[in-house]
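The values are calculated or read from the model by the stated rules, or taken from the named source; none is laboratory data. For clarity, every value in this text was computed on a predicted model and none was experimentally measured. Cβ coordinates were reconstructed from backbone atoms using ideal geometry, including for glycine residues, and neighbour counts include every protein chain displayed.
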Amino acid sequence: MVMQNRSLRNVEIRREMERTLILAALVAWTWPVLAADLPTNPAVTQVTIATTICVSGWTRTVRPSAWETARSKIKLIRELELPEELLTDFELDHRIPLALGGAPADPRNLELQSWDEAGDKNAVEACLSRAVCAGKIGLDEARRRIWSDWRHAGTGCDAGK
């Protein structure tokens, strides 16, 4: 019975988080975003992409350690007043991915993401990164798109390749 109540509570929490994320996405979609306002890595600009994000393996050089990531994830769970047993239901995601020069440790760039969505967002991130490195889209435009609404950021982008 206790396990059943806990499962029901977890489902309720997930539904509330989904509603909150939908509302946040709607606000973000309607809020004008300037590239200068985004949490980005200052070392990554349109001029430096050939020596930063477009170099295979570059993100490993700026990715926070597993310890730092776990600490940030726990902090977010507590700020959202969620039970810590939900830690395994989410990954710590960079809203602007490191592959697009997102700030590695800026709290504005960190959010909890359900594992169910992680694969889809990762495909969009990879597609936008390839497009930026191929010169098909500007870095600032890719950042604005994924910041505003990652679900539509890859529109017109061949995320499957």
Looking only at the range 103-111, decide whether some residue is under 27 Å from Arg15 (Cα atoms), part of a strand (DSSP E or B) and among the polar types (S, T, N, Q). no
Verdict on Glu85 being surrounded by fewer than 15 Cβ atoms within 10 Å (Cβ to Cβ), of a type in the set (Asp, Glu) and part of a loop (DSSP other than H, G, I, E, B): no
Which condition number in (1) within 12 Å of the chain's Cα centre (by Cα); (2) under 25 Å from Thr51 (Cα atoms) is the one that Gln113 fails? (2)
Residues of the range 88-112 being crowded, with 17+ Cβ neighbours inside 10 Å and of a type in the set (A, V, I, L, M), which ones? Leu92, Ile96, Leu98, Ala99, Leu100, Ala103, Leu110, Leu112
Step by step: first the residues of the range 113-139, then only those that are of a type in the set (D, E, K, R) and either modelled with pLDDT of 95 or more or buried (at least 17 other Cβ atoms within 10 Å of the Cβ) (or both), then the one that is farthest from Thr88 (Cα to Cα). Which residue is that? Arg130
Looking at the range 78-88, is at least one residue in contact with a strand residue (DSSP E or B) (Cβ under 8 Å, 6 or more places away or on another chain), within 26 Å of Ile13 (Cα to Cα) and without any contact (Cβ under 8 Å) to a residue 60 or more places away in the chain? no
Count of residues meeting criterion [outside any helix (DSSP H, G or I) and in contact with a helix residue (DSSP H, G or I) (Cβ under 6 Å, 6 or more places away or on another chain)] in the range 119-137: 1
Checking the structure you have, find out if any residue of the range 51-74 is of a type outside the set (Asp, Glu), in contact with a Phe, Trp or Tyr (Cβ under 8 Å, 6 or more places away or on another chain) and farther than 30 Å from Val11 by Cα. yes
Every residue in the range 56-74 that is part of a helix (DSSP H, G or I), of a type in the set (Gly, Ala, Ser) and farther than 15 Å from Asp106 by Cα, please. Ala66
Residues Asp93, Asp116: which one is among the acidic types (Asp, Glu) and assigned to a helix (DSSP H, G or I)? Asp116
Suppose we filter the range 62-82 for residues that are touching an Asp or Glu at 6+ places or on another chain (Cβ under 8 Å), surrounded by 13 or more Cβ atoms within 10 Å (Cβ to Cβ) and more than 21 Å from Ile146 (Cα to Cα); how many remain? 2
Residue identified as loosely packed, with under 12 Cβ neighbours inside 10 Å, modelled with pLDDT of 90 or more and of a type in the set (S, T, N, Q) among Thr30, Thr45, Thr51, Thr59: Thr51
Looking only at residues in the range 140-158 that are crowded, with 16+ Cβ neighbours inside 10 Å and not in a helix (DSSP H, G or I), which one is modelled with the lowest pLDDT? Cys157
